[in-house]
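Below you'll find the structure, written out as structure tokens, and then a few comments.
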């Protein structure tokens with residue numbers, strides 16, 4: 001996407017078909033089996049340990065009973081969330097409760113593991129890390145999941161040419177996965193020191209030109225594939241000051257440095273809860289508004305008002321994809 005400096009976002013709004021939903025985004029722990037050079041140690045060093053299964057189930061039941069929403073959507077991140085020994089058990093429990101489940105993963109678990117939980121997932125976001133990912137294995141994981149859940153593959157675009165070329169080549173390989181339901185693939189610009197204080201990576205001119213031209217594609221099936229998990233919880237629209245709008249793609253906004261939401265009115269805490277690796281509950285990964293409580297709190301009270309944003313760079317896709325608007329625009333929100 002070519003950036004027009006005179007065109008800037010004024011609001012992000014969900015589709016009406018999403019209904020009365022709460023999204024619980026959960027960083028189950030901070031342990032990971034990869035050590036990507038662009039990722040902060042905090043995201044993989046494992047100092048948080050494991051939460052107990054019974055503790056998590058107690059909190060899940062509490063949120064469902066308290067919130068009285070039409071839909072409860074749980075999405076899990078880490079670290080690498082599937083390293084938690086009882087993650088598969090949790091997925092089956094949530095599915096039996098009627099919840100929707102999303103997962104961000106590096107896909108490194110065995111094929112049999114993915115076959116076991118594939119029916120529980122509504123969407124899966126698989127990150128391809130060119131420094132360490134096995135192309136053949138990730139390709140097979142994509143094929144297992146793509147006929148059961150909505151799958152996206154995030155090709156991490158490393159600045160070093162060796163790894164850059166590896167991500168590009170894997171994207172070409174994915175275009176041949178024509179025996180699956182559709183797969184959404186995007187070339188993801190990296191952030192330096194990924195986390196709360198991350199900033200966009202500075203690329204060479206030829207790399208920036210590639211990212212502007214080749215920011216995503218969709219692999220469509222060549223045969224009739226039945227997919228029972230077609231609901232899209234990421235159906236948001238970005239509205240701009242020139243009166244135009246487009247499907248909201250957080251990575252595009254980050255790459256174009258259009259995620260300065262300072263002083264915006266944001267519905268984190270209302271449409272989104274974020275749980276960190278210690279079990280602390282926040283309105284969003286951005287930590288705006290401070291801690292709400294802990295999953296162990298017996299008298300947990302959830303927010304009732306939107307949050308005024310205080311940060312000038314929002315690096316988290318989940319936080320970006322929450323209803324928000326610039327003051328003076330869309331005040332009917």
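The values are calculated or read from the model by the stated rules, or taken from the named source; none is laboratory data. Given the structure is predicted, the values throughout are model-derived calculations rather than measurements. Neighbour counts are summed over all protein chains in view; Cβ atoms, including those assigned to glycine, are modelled from backbone coordinates with ideal geometry.
Listed here are the residues, each with its yes/no results for (1) part of a loop (DSSP other than H, G, I, E, B); (2) touching a residue at least 12 places away in the same chain (Cβ under 8 Å); (3) under 22 Å from residue 26 (Cα atoms).
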site: 257; (1), (2), (3): yes, yes, no
site: 260; (1), (2), (3): yes, yes, no
site: 263; (1), (2), (3): yes, yes, no
site: 274; (1), (2), (3): no, yes, yes
site: 289; (1), (2), (3): yes, yes, yes
site: 298; (1), (2), (3): yes, no, yes
site: 322; (1), (2), (3): yes, yes, yes
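When we screen 256, 241 for residues that are surrounded by 15 or more Cβ atoms within 10 Å (Cβ to Cβ), more than 14 Å from residue 324 (Cα to Cα) and at pLDDT 80 or above, the only hit is 256.
Counting just the residues of the range 14-46 that are assigned to a strand (DSSP E or B) and over 17 Å from the mean Cα position of the chain (by Cα), which one comes out surrounded by the most Cβ atoms within 10 Å (Cβ to Cβ)? So the residue we want is 31. Inspect the range 47-54 for any residue being assigned to a helix (DSSP H, G or I), touching a helix residue (DSSP H, G or I) at 6+ places or on another chain (Cβ under 9 Å) and surrounded by fewer than 20 Cβ atoms within 10 Å (Cβ to Cβ) and give the result as yes or no. Yes - at least one qualifying residue is present in the range 47-54. Return a yes/no flag: does the range 124-137 have any residue that is under 19 Å from residue 207 (Cβ atoms), buried (at least 20 other Cβ atoms within 10 Å of the Cβ) and in contact with a helix residue (DSSP H, G or I) (Cβ under 7 Å, 6 or more places away or on another chain). Checked the range 124-137: at least one residue is under 19 Å from residue 207 (Cβ atoms), buried (at least 20 other Cβ atoms within 10 Å of the Cβ) and in contact with a helix residue (DSSP H, G or I) (Cβ under 7 Å, 6 or more places away or on another chain).
Contact map, the range 167-178: first residue farther than 18 Å from residue 127 by Cβ, second residue assigned to a loop (DSSP other than H, G, I, E, B), Cβ cut-off under 7 Å, separation 6 or more or different chains; pairs are 178/221; 178/222.
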